[in-house]
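Q: My structure is below; once you've seen it, I'll send some questions.
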């Protein structure tokens, strides 16, 4: 971690104020998978760090699907919440959707393409039909990006340990890592980043292709302007 030394000072500061402090594990937002679990200060470590000085006890969630685990101080001076976004992915219990400014409904934080809700609202459907349409979208969702990410990260961590111990050579480790990432990519039909618009690599390739195309167009325009306007003024081909 990078800022775990702030856990206790923050807990001390907000304890007794009536404000609920929430911690969240390191969490990538996007497709940058494959980081090491050593980079993550887990929810268990966060709770243990606070509990050693300010004893805690678990309490029930406020509602089904609440993402934060709730803990209260044993002396009654308040509570904290901890979101285990990496070590305990909660895709199956997720109850959150996002609505974008252009009227698209996203069923996952990591989705790159949503469902056209604006079209439903502006169409001839009544409220009951729109409700049924949204319910159908939600009940058919199969988003589990965080679970796939955790599976991939755990496998890469295992390979890293084998490599560090000398059980895998550099070449073997590279091949095994590529294979693990390939398997994860093949499984991610359910991963929004692949299903709904392609990976970051594909987007980068499209961007590079676009830039090359624009450069070629710019060069052609320059040559046309040069031949039609500037070349005659240079008298390169004098009249007889």
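The values are calculated or read from the model by the stated rules, or taken from the named source; none is laboratory data. Note that the structure is predicted; figures quoted are calculated from it, not measured. Counting neighbours? That spans all protein chains shown, and the Cβs are built from the backbone with ideal geometry, glycine included.
Q: Would you mention how many residues in region 75-106 are under 16 Å from residue 21 (Cα atoms) and more than 19 Å from the chain's Cα centre (by Cα)?
A: 6
Q: Quickly run through region 46-67 and pick out the residues that are under 26 Å from the mean Cα position of the chain (by Cα) and buried (at least 19 other Cβ atoms within 10 Å of the Cβ).
A: 46, 47
Q: Within region 161-191, how many residues are at pLDDT below 70 and closer than 21 Å to residue 40 by Cα?
A: 4
Q: Being in contact (Cβ under 8 Å) with a residue 60 or more places away in the chain and part of a loop (DSSP other than H, G, I, E, B) is the filter here; which residues of region 49-103 pass it?
A: 77, 78, 85, 86, 87, 89
Q: Can you find a residue that is on the phi < 0 side of the Ramachandran plot, assigned to a loop (DSSP other than H, G, I, E, B) and at pLDDT below 85 anywhere in region 144-157?
A: yes
Q: Anything in region 7-17 that is over 14 Å from residue 48 (Cα atoms) and out of contact with any strand residue (DSSP E or B) (no Cβ under 7 Å at 6 or more places or on another chain)? List them, or say none.
A: Matches in region 7-17: 9, 12, 13, 16, 17.
Q: Checking the conditions here, which among 89, 84, 97 is farther than 30 Å from residue 178 by Cα, surrounded by 18 or more Cβ atoms within 10 Å (Cβ to Cβ) and modelled with pLDDT under 90?
A: Criteria check complete, one pass: 97.
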